[in-house]
Amino acid sequence: MDATQAYGVGAFLSQTDVVGKIVLIAMVLMSMTTWYLIISKTLQGIFVRRSVSQFLDRFWAASSIEQATEGMDAQENRDPFAMLTVRALRAREHHALHGAQRLDEAGSSQDFLMRAMRSAIADQNLRAESGMTLLASVGATAPFVGLFGTVWGVYKALISIGMTGQGTLDKVAGPVGEALIMTAIGLAVAIPAVLAYNTFNRQNRLLGAKLDAFAHDLFSLLTTGAQLKNRSS
């Protein structure tokens, strides 16, 4: 048998035991989940940035709040700025019609409006954080899972060498080198997860900052009727 055929990924997979296969399957699942989140959140981010830009241009170009919010209910579940606006308008209308009948409605209309907008921002932050914990967990644990697979592979190789009594370099280097494949796979899984986590975390911070700025402008608009000069954009 040729030396290149005796060792390698194929030989490692054919010779590894149940523990090694479980570790490999776990890393494959982690990698698939990571890339699913990367693709889905990237597409979601592109859509949100585009819709936010269109929303702000249309909103501030409107001649009245009624014109700006026309047909906005259909966008509530897709656009965080539309969700914030719709909830703020509903809160203002609810307090104007029913007043403070419950504990969560206590205070002035401005207090109730502020709580409603704060709740909408919190819901958006939770939605943006979806999948981030999983990305961070994969990035933090995948190298150690791969290292565990390597340690287990080296252990099995040394046990086999000890039983056969063949401790020459060619008998040791092959199995140990194959075991190091697990570490390489662990790094290959972890690096995209870490990069994606940092990228999406930055995007969430930027979106959150824009949403806070818009919430401040919207609150002033709904409570005073005056549109700020330095509005969010």
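Bear in mind that the values in this text are calculations on the coordinates, not laboratory data. Quantities reported herein were computed from a predicted structural model and do not represent experimental measurements. A quick note on method: Cβ atoms are made from the backbone with ideal geometry, for glycine too, and the neighbour counts reach across all protein chains shown.
In terms of surrounding Cβ atoms within a 10 Å radius of their Cβ, 64, 109 rank from fewest to most as 64, 109. The distance from the alpha carbon centre of the range 179-223 to that of the range 12-58 is 14 Å, rounded to a whole number.
Of the listed peptides 193-205, 138-150, what is their order by residue-averaged count of other C-beta atoms within 10 Å, with the highest listed first? Kindly include the intermediate steps, with their values, before the conclusion.
Values: 193-205: 17.0, 138-150: 19.9.
Per-residue mean Cβ counts within 10 Å order the peptides as 138-150, 193-205.
Ordered by the count of other Cβ atoms within 10 Å of each Cβ, fewest first, 66, 129 give 66, 129.
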